[in-house]
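Here the structure comes first, spelled out in C-alpha cells, and everything after it is commentary.
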C-alpha cells in the first residue's frame, strides 16, 4: 500500500494508504484506532476497488495540532473535502463506530455525498454507550488541556490502553487484534500536541443523543447498508433494526461470530458483503 497525504484548505493533514484500482471505496475507522483496523480485508477489496484507508484526524499519522477546533462541523468539513478530492465524486464510503457517525455528518452537512454508504456498528442517533466509562474517559482526556498534565497523560494513555485490549475487541480473540491497539497508541507518549487536541475533542464532540442525525434519516437519498457484527456489545443489533425502519430503502446484513473488530474476526465475510453491496 502507498502512503499519501491530503492537505485540507485550513492546513489540516490526513494521512492515507491506497491500494488497488477501480472505483474508490473509502473506509473510515473507529474511535481511537487507525487505518490498520481494515488491513485484513484490504487485499480482497483491492481486486475490485481502489481502496482508500485514511487515518482520521487525531489518529495515526494524521492531523493532531491543537490549533484546530476538533468539533463535529470541522471533522465533517475536513473528511468531506478528503473524500471529494481523494475518493472522487462517486466513491463508496464505509464507516465503523466513530467513522460511521462521521460519514453521516458529512452527508447531513452537505460536505460530501457518496455513491453508496455502509454503516457498521455504531450508536446512530443514540447516546454513546457505556456512559460511566465514557464520563471517566472524558474527564481524564479533558485534563490534557492543562500544562504538565498534558505530558503526564500522554505517557499514561499507552499504559491504560494496552495491546491486550484488542482481545476484548475481537470476539474470536484474534491475537493480531493486539497489533491494532499497539499501533494506535505507539506514538502518543510525549506528544503533548495530541493530548491537548484530544482534550478539545472530548469537550466538543456530542456524546449525548444526536437528534440532528435522527431527523436527517428520511433525507438520505442513496443506497445504505447497515452491516452489523452480531457479537459486538457496544452496538446491539436492535439499534440497527430501529434505524432500518427510519432510513428509506436501507438494507440490513449481519456478520455472525464477529465482534467490534469484524475485519479480524470474519474478514472473508466482511469483504464479501462490501463487494456485494458496493461492487
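How much length is gained on full extension from residue 65 to residue 237, taking 0.36 nm per residue of separation minus their Cα-Cα distance?
58.3 nm
On a C-alpha basis, how far is the centre of region 95-132 from the centre of region 26-54 in Å? Whole number, if you could?
Each part reduced to its Cα centre gives a spacing of 16 Å.
Along Cα→Cβ, 7 Å out, is where each label goes; now give me the distance between the ones at residue 246 and residue 9 in nm to one decimal.
Distance between label points: 3.1 nm.
Under 10 Å, Cα contacts only: if you run a Gaussian network model on the chain, which one of 249, 60, 121 comes out with the highest mean-square fluctuation?
Maximum among the listed residues: 249.
Sort 94, 86 so the one with the fewest other Cβ atoms within 10 Å of its own Cβ comes first.
If I rank by nearby Cβ atoms, fewest first, I get 86, 94.
Please arrange 154, 34, 216, 177 by how many other C-beta atoms lie within 10 Å of their C-beta, fewest to most.
By the 10 Å Cβ count, ascending: 216, 154, 34, 177.
Roughly how far apart, in whole Å, are the Cα centres of region 193-232 and region 134-180?
Comparing the Cα centres of region 193-232 and region 134-180, I get a distance of 20 Å.
Taking only Cα atoms, what is the 0 to 90° angle, nearest 10, from helix 72-82's long axis to the longest principal axis of the chain?
With both axes taken from Cα atoms, the answer is about 60 degrees.
If you take the beta carbon distance between residue 172 and residue 146 as r and set R0 to 41 Å, what does 1/(1 + (r/R0)^6) give as a FRET efficiency, to the nearest 0.05?
Once the sixth-power term is evaluated, E becomes 0.50.
Determine the calculated [θ] at 222 nm for the chain from helices alone, applying -39500 (n - 2.57) to every DSSP H run no shorter than 4 residues and normalising by the residue count; nearest 500 deg cm²/dmol.
Dividing the helical sum by the residues of the chain leaves -11500 deg cm²/dmol.
Starting with the fewest neighbours, write out 246, 227 ranked by other beta-carbon atoms found within 10 Å of each beta-carbon.
246, 227
Choose one answer from 45, 213, 119: the residue with the largest mean-square fluctuation in a GNM of the chain with alpha-carbon springs under 10 Å.
Result for the chain, Cα springs under 10 Å: 213 fluctuates most.
Between residue 276 and residue 253, what length comes free when the chain is fully extended (0.36 nm per residue of separation minus the Cα-Cα distance, one decimal in nm)?
Separation in residues times 0.36 nm, less the Cα-Cα distance, equals 7.2 nm.
Bear in mind these aren't lab numbers, they're just calculated from the coordinates by the rules spelled out. Remember, predicted model here, so these are calculated numbers, not experimental data. Here Cβ is always computed from backbone atoms with ideal geometry, including for glycine, and neighbour counts include all displayed protein chains.
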